[in-house]
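Asker: After the structure tokens below, expect a handful of questions from me.
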Amino acid sequence: MTPGIRDTAARPDGGPDDFAARAETHRRELHVHCYRMLASFDEAEDAVQETLLRAWKARESFEGEHLRAWLYRIATNVCLDQLRRSSRRLTTVTSFAEVPWLQPYPDGMLDEVAPAAEEPDAVVVDRETIELAFLAALQVLPPRQRAAFVARDVLGWPAGECAEMLGTSVAAANSALQRARATMRAQMPARRAEWTAGEPSAEERELLERFIAAHESGDVEAAVAISAEDLRITMPPFPMVFDGVAAMRPLMEQAFGPELGGDWRLLPTRANRMPCAASYLRRPGDTVHRPFKFDVLRVTGGRIAEITTFGPELFPSFHLPPTL
């Protein structure tokens, strides 16, 4: 996880425009932070907008704190406000089907989280802290425990700053953190220790290529051949869970058969530091392939162990073409 954040003091001495520009340089990392808290790309967008608005309104009270830390505190409290207003209450997560608000996050935007010149220790977005299983597990934590866990164990904040952000004592913040850690240990899969933050492995790239080839050729057997026997398929926000290749086969037959009745084209991409395919479908009578779905793949032991399918709403955020 990220070892910590350190930034220089930043005052809006250059006037309102200068303050807005300084705050804007943190938009990407604030968006990732809000996404971790909320697990929704769209809701994170709204939270960042509200964060920057609150920061603008409070700029006169900004007294030489570290700008990044100040903005993170505002963003965290925006997310806490959103979570208080929502009716989401999870006690456990056994599949992504139980997190209907879960959305993918484009790696291209994760790569844009870069340090400002005067703040060299900006947050690095590791796979461990952005992968879908991690996001889903966070949703089990009560809001304040979630905020404490993200602040301490993801952002690397010291206990005092975490307590200040939550408006509580250091002892209370540490207690929330310990409860959160216990819950996360229970929720996270053991394979977490094997995650890496780097480029996709050769194995992942090969399986993504084979996944794309199987879909474009409509080859059910080829799709089955690269899948683990205990493959799981979920489709947030829908509640269905499909376990095993026996459950996968009819899905593939439906996708490749006359019910959808079209021609598939897939583009490789990355979401949440995981291999992903963006699918376009040209239906009978149409002249172009139109966005249809994302498939985010989890690869284990040379096979696809999990497919999480999302709708096409975020194609623009992945900088994917509107048609093929």
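Asker: Among the residues of the stretch 290-298, is any more than 22 Å from the chain's Cα centre (by Cα), modelled with pLDDT under 95 and on the phi < 0 side of the Ramachandran plot?
Answerer: no
Asker: Applying the selection to the stretch 278-324, what residues are in contact with a strand residue (DSSP E or B) (Cβ under 8 Å, 6 or more places away or on another chain), within 17 Å of Asp263 (Cα to Cα) and of a type in the set (Gly, Ala, Ser)?
Answerer: Ala278, Ser279
Asker: Taking the stretch 253-271 as the search range and keeping residues that are at pLDDT below 90 and closer than 26 Å to Phe318 by Cα, which one is surrounded by the fewest Cβ atoms within 10 Å (Cβ to Cβ)?
Answerer: Step by step, filter the stretch 253-271, then rank; the result is Leu260.
Asker: Can you tell me how many residues within the stretch 70-93 are closer than 16 Å to Arg27 by Cβ and small (Gly, Ala, Ser)?
Answerer: So the count comes out to 1.
Asker: Residue check: is Phe211 without any contact (Cβ under 8 Å) to a residue 12 or more places away in the chain and crowded, with 17+ Cβ neighbours inside 10 Å?
Answerer: For Phe211, the condition - without any contact (Cβ under 8 Å) to a residue 12 or more places away in the chain and crowded, with 17+ Cβ neighbours inside 10 Å - is not met.
Asker: Can you spot a residue in the stretch 255-267 that is touching an Asp or Glu at 6+ places or on another chain (Cβ under 7 Å) and farther than 21 Å from Ser201 by Cα?
Answerer: There is at least one residue in the stretch 255-267 that is touching an Asp or Glu at 6+ places or on another chain (Cβ under 7 Å) and farther than 21 Å from Ser201 by Cα.
Asker: Which condition number in (1) within 23 Å of Ala133 (Cβ to Cβ); (2) touching a residue at least 40 places away in the same chain (Cβ under 8 Å) is the one that Thr323 fails?
Answerer: Tallying (1) within 23 Å of Ala133 (Cβ to Cβ); (2) touching a residue at least 40 places away in the same chain (Cβ under 8 Å), Thr323 fails exactly one: (1).
Asker: Identify all residues within the stretch 232-252 that are buried (at least 17 other Cβ atoms within 10 Å of the Cβ), part of a strand (DSSP E or B) and touching a residue at least 12 places away in the same chain (Cβ under 8 Å); write none if there are none.
Answerer: Arg232, Ile233, Thr234
The values are calculated or read from the model by the stated rules, or taken from the named source; none is laboratory data. Since this is a predicted model, take the numbers as computed values, not measurements. No Cβ is skipped: glycine too gets one built from the backbone with ideal geometry, and neighbour counts run over all protein chains shown.
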